[in-house]
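Nothing in this text is a laboratory measurement; each read-out follows from the coordinates by a stated rule. Everything numeric in this text was worked out from a predicted model, so none of it was measured. Cβ placement follows ideal geometry from the backbone for every residue including glycine, while neighbour counts extend to all protein chains displayed.
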Amino acid sequence: MFRKRLFIILTSLMITLLIYPEATDEGASALENGLVYTNLLLNNEIEEDSKPSSKDKVDAVFIMDDGWKTQYTQGYRILNKYGFKGCIGIIPVSVGEKNYMTYKEISDLYSQGWSIVNHSYNHFESHKNVSEEVKDIELAKEWMDSRLLKNGSNVYIAPYGRIKEGTIKELKDKGYHSIRTVEEIIVFNDNYEDRKYKIINLTTDRRSEDVITEIDECINEGRDIIFLNHKFGEEDDGEGMTYKVSEFEKIVKYIKSRENHIEVRTYSEYINKK
Ligand SMILES: [Zn+2]
């Protein structure tokens, strides 16, 4: 096992130094990228496993869309502080751009067991037809697969939470695992409709006290909770997509205090749960 790992480390370092794809992460040296790459190779050796189900608990899942930088500096920081893991829906075209996470940060989360999933290549608003949409999604999948972010490349989160019926059908035919919109999660080849869950979109206007009331209701009703987040910060960006860090921490802290009733899972663990 050790020799195999050593072989992987040395080989991948050599390969990376020679052919690593150009500038996925501005400022990172080839050696740094090599280490990230090695880490991912080792991580990809490990089979994804879902936690055993705990029947009397509801699940909570934290999903962060778009791969904003503050999801790493704040969202990850807070979840990690309470021992939880989340999910990032990435847009390859934005990776490493201003205000977005770098490839290195994304791989860091991936290596720690976070779900990194496909949120389309260009975050398209409305394409003319289904085939253009599917092409964009496939492009993101290829980007992820070629950079060892494989586990969630066929787990799709629709930009703006919207999706065409035709695109759903195409993705199913192409063997995608699942789709998430703003209202629902569609898991192909699974009797998923039986699950009871509520998607709570943490937009700027949501007060933590109200969210905590909703969490209690979900526990009482036996409904799982899917949190959606975009940016974290103190200032309202005018789009309602920035959530106050202190409010987020209150929610996470509350969930920690209700651990006898809530199981926090990554999105992959959740959708793969039997
Ligand atoms: Zn988005």
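Miscellaneous remarks
- Spin-label model distance (nm) - Phe188 vs Lys174, 7 Å beyond Cα toward Cβ: 0.9
- With 10 Å bins from 0: P(r) over the range 64-111, alpha-carbon pairs, percent: 29, 60, 11, 0
- FRET efficiency, Asp145 to Thr73 (Cβ-Cβ, R0 30 Å, nearest 0.05): 0.65
- Rounded to the nearest 20 debye, the dipole magnitude of the range 58-271 is 580 debye, with +1 charges on Lys and Arg beta carbons, -1 on Asp and Glu beta carbons, and the Cα centre as origin.
- Protection proxy ranking, peptides 211-223, 167-179, average beta carbon neighbours within 10 Å, highest first: 167-179, 211-223
- For the range 122-185 versus the range 191-252, the gap between their alpha-carbon centres in whole angstrom: 24
- Mean Cβ neighbour count within 10 Å, used as a protection proxy, ranking 233-242, 139-148 highest first: 139-148, 233-242
- In this label model, Asn99 and Glu209 are separated by 3.1 nm, measuring between points 7 Å along each Cα→Cβ vector.
- Using R0 = 22 Å, the C-beta based FRET efficiency linking Lys198 and Lys256 works out to 0.70.
- Distance in nm between pseudo-label sites at Asn220 and Ser111 (7 Å out along the Cβ direction from Cα): 4.5
- Whole-number Å³ per residue for the convex hull built on Cα positions in the range 58-271: 114
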